[in-house]
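Here's the structure, in structure tokens; my notes come after.
The values are calculated or read from the model by the stated rules, or taken from the named source; none is laboratory data. Keep in mind the model is a prediction, meaning the values are calculated, not measured. Positions of Cβ are generated from backbone atoms using ideal geometry, with glycine treated the same way; all protein chains shown enter the neighbour counts. Accessible surface is based on the protein model in full, side chains and every heavy atom, while ligands, DNA and RNA are left aside. Shrake-Rupley method; radii C 1.70, N 1.55, O 1.52, S 1.80 Å.
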Amino acid sequence: MGMKRFLLTVVSVCSISTVTMPIADAADEPDVTVTLPNFTVTLNGNIVDNQYREYPLLVYKDITYFPMTWYDSRLLGLEARWSPADGLNIVKSDVTSSYRSYTKKVKNDNTYKATVPASVITINGSKVNNSKEEYPLLSFNNVTYFPLTWKFAHEEFGWDYKWDNSRGLAITSDNPPLRTVNLPAAAAHNQVALYKGYYYYTEVNDRTIQIYRAPENAVSHKELVYEYEGDTAYGLNSNVRFRVENGELWFSYHVGGALMGSDVYGKVNADGKGEVKHRGYLDFKKAAGGSLLIHQSVPPRGNNLSLVPEGLDDTAKSSLGDPELIYGWHISSGSSQSLAPDHSTAIVNDDIYILASTYPAQSGGKLNRIHRINLRTNVTSEITTFPVEHFKVLRDKLYYVKEEDHFLYTSNLDGSDEQQISDKPTANWYEEVGGNVYYTVRSEEGHYRLYKAAADTEDIVVVWEQLESVQADKDTIIVQTAEDGEYGVKLLDASGSHKVSIAGQASHVGVYDGSIVFVSAADQTIKRLELRK
């Protein structure tokens, strides 16, 4: 057979797992005989087990047919929708999915009956007269199957396919591939980090929490990075967090109770071994000549900023800044307090920018002002004369949310030339991407929506779904949607336009040097998508 005879068909589904296409009158739809392929079929590198698949690939008139299930279609960059008015609509789209096996226990027969549906079918905007097609779409097991002819597979969908007498048929689409990372099942309970060619994850052995790393190209070859005795009060499976700070991989966890316990911060050294660097309730930043520590014991107290010289431990710390100020807290006039978001401290050359309040914090005091501390002279200056909820430094500019109106503003680093950026009350995420400013607004349901600031018009909603989190990586914005959406992760470009949507819900979404890594809510496996190749 020629290569063009080995083509695939896609199915449409009406639920989140499969899309069924209603049929006008089953009695009027002719039956045809189909068989299972007697050759290997590979979809984007995934070998299909047709013998035990609920939706196997089929062969009709020597043409391979592909099932348009929810995940199969999105695996190959297609979306299929059904409506009573328009029938079945199949389009090439910026979507992706990992491979789903749809495995069942009973082995398939070699021969089946399928039907030729008479419903309206549209492919990339063009109507298909299915009754007159030489290779019509088929319906099998309540799923629509699509023929892999050259016209549809290559010209309409842009797929590449190859036939090899020993390897069989290989189909490759041009949408971004979503890979499954075959780490141990326990890895899904915590974040999984990707750092300098290794995956970092945790496992639990009795009460011992073990942090491992494994090469991204040989994930079975794990090596121990660090271990500690866990505390059941905080959950053995949800305690470790990873973050990349100044090009270094850090991990953190909690030991002990809420009052008498402490947070532990460790760094992964060049040899792949973890070493504890800080303990206590604190935040830290790398500064010239050492580490800046913002102590966060309760209740908040003044003189809680210190510097640890490079190469020494925390016992060598020395006080920094004005001892009459409380650093790193947001304090209300009603004496309640909360930790400022971790972006409310920034270091620019020899200057520290940090949120601070007069101590003791009480009505009439100067609360929640941005201050600057010079690391060489220890001179402390007040930058804003008004309170802010939080701030960050982006491209040598201050960005902050005022307490007065909750809008986002920007100014020079000395506080001059202030400009209002947002026209909506701003939540705690905002970023400049490709010259555009994006920010989140908290919804009534407790989630978020993402807006793009506009200079001359009303600010624009760029993602209508409610969001759990937003992150940015160079020119890409990564949003994690709230539960029950069709797509758990969406990627936007610097202009706010859609790049790709990932099918299925996600948790523990992390962005690491050009890749996103997350846990699939459907099967608790680790997934990876490369943002840049």
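Give me the one-decimal nm value for the distance between modelled label points at Asp31 and Asn374, 7 Å along each residue's Cα-to-Cβ direction.
9.0
Suppose R0 equals 30 Å. What FRET efficiency, 1/(1 + (r/R0)^6) with r the Cβ-Cβ distance, do Lys113 and Lys151 give to the nearest 0.05?
0.70
What is the Cα centroid distance between segment 466-525 and segment 50-80, reported in whole angstrom?
26
Considering only segment 211-313, what is the antiparallel percent among its DSSP beta bridges, to the nearest 5?
Of the beta bridges lying entirely in segment 211-313, close to 100 percent run antiparallel.
Compute the relative contact order of the chain as a whole-number percentage, counting only Cα pairs closer than 8 Å that sit 6 or more residues apart in sequence.
Relative contact order for the chain comes out at 9 percent.
If I take R0 = 30 Å and measure r between the Cβ atoms of Thr172 and Asn269 in this structure, what FRET efficiency does the formula 1/(1 + (r/R0)^6) give, to the nearest 0.05?
The calculated FRET efficiency here is 0.15.
Would you mind estimating how fast segment 392-434 diffuses translationally, via Stokes-Einstein at 20 °C and 1.002 mPa s with the Kirkwood radius over Cα pairs, in µm²/s?
Reported coefficient: 202 µm²/s.
Starting from the 7 Å offset along Cα-to-Cβ, what nm value, one decimal, do you get for the label separation of Phe39 and Leu224?
Between Phe39 and Leu224, the simple spin-label model gives 5.1 nm.
R0 = 35 Å: FRET efficiency of Asp206 with Ala494, Cβ-based, nearest 0.05?
0.15
In whole Å and largest first, what semi-axes does the C-alpha gyration tensor of segment 424-480 yield when each eigenvalue is scaled by 5 and square-rooted?
Here the semi-axes work out to 17, 15, 9 Å.
Wrap a convex hull around the Cα atoms of the chain, take a quarter of its surface area, and give that in square nanometres.
29.2
Roughly how many nanometres apart are two label points built 7 Å out from the Cα toward the Cβ at Trp464 and Tyr52?
It works out to 4.2 nm between the two label points.
What accessible area per residue comes out for the chain, rounded to a whole number of Å², with a 1.4 Å probe?
46
How long is the gain from Ala185 to Gln524 if the chain were fully straight, where each residue apart is worth 0.36 nm and the alpha carbon distance is subtracted?
Taking 0.36 nm per residue and subtracting the Cα distance, the gain is 121.3 nm.
Can you give the % of DSSP beta bridges in the chain that are antiparallel, to the nearest 5?
For the chain, the DSSP antiparallel bridge percentage is about 95.
Can you pull the accessible area of Glu216 for me, 1.4 Å probe, Å² to the nearest 10?
The accessible area comes out at roughly 60 Å².
Ignoring ligands and nucleic acids, what accessible area does Lys162 show with a 1.4 Å probe (Å², nearest 10)?
It works out to around 130 Å².
Keeping every protein chain in place, order Arg449, Arg53 by accessible area at 1.4 Å, biggest value first, i.e. largest first.
Arg449, Arg53
Can you tell me the Rg and the Dmax, both Å, for the Cα atoms in segment 126-213?
22.0, 66
Give me, ordered by chain and number, the residues 5 or more places off Ala522 or on other chains with an amide H under 5 Å from its own placed amide H.
Those lying under 5 Å, H to H, from Ala522 are Gln505.
Could you tally the net charge around Ala188, taking each other residue with its Cβ under 12 Å from the Cβ of Ala188, Lys/Arg +1 and Asp/Glu -1?
Result for the local shell: -1.
How big is Rg to Rh over segment 105-168, alpha-carbon atoms, Rh as the Kirkwood inverse-mean-distance radius?
1.03
In µm²/s, what is D for segment 342-465 at 37 °C and 0.692 mPa s, where D = kT/(6 pi eta Rh) by Stokes-Einstein and Rh is the Kirkwood radius from Cα pairs?
214
Could you work out the helix-only [θ] at 222 nm for the chain, with each DSSP H run of four or more residues adding -39,500 (n - 2.57) and the total divided by the number of residues, to the nearest 500 deg cm²/dmol?
Helix-only estimate at 222 nm: -500 deg cm²/dmol.
Show me, for segment 505-517, the HN-Hα J-couplings you get by feeding each phi into the Karplus relation (A = 6.51, B = -1.76, C = 1.60, θ = phi - 60°), rounded to Hz, glycine and proline as x.
Along segment 505-517, the couplings run 6, 9, 9, 6, 6, x, 10, 9, 6, x, 9, 10, 10 Hz.
Using a 1.4 Å probe and counting only protein heavy atoms, arrange Ile460, Ile526 so the residue with the most accessible area comes first.
In descending accessible area the options line up as Ile460, Ile526.
What list of ³J(HN,Hα) couplings, whole Hz, do you get for segment 156-173 from phi and the Karplus terms 6.51, -1.76, 1.60, once you set θ to phi - 60° and write x for glycine and proline?
7, 10, x, 7, 10, 9, 9, 10, 9, 4, 9, 9, x, 9, 10, 10, 10, 9
Say the cut-off is 22 Å between C-alpha atoms; which of Lys107/Lys132; Lys267/Lys474; Lys92/Lys452; Lys366/Lys392 go over it?
Lys107/Lys132; Lys267/Lys474; Lys92/Lys452
Calculate the length of the line joining the C-alpha centroid of segment 122-155 to that of segment 191-230, in whole Å.
Using only Cα atoms, the two centres lie 46 Å from each other.
To the nearest 10 square angstrom, how much accessible area does Lys113 have with a 1.4 angstrom probe?
Rounded to the nearest 10, that gives 130 Å².
Using a/c under 1.5 as the rounded threshold, could you call segment 25-135 rounded, prolate or oblate? The axes a ≥ b ≥ c are square roots of the C-alpha gyration tensor eigenvalues, and prolate needs a/b larger than b/c, oblate otherwise.
oblate
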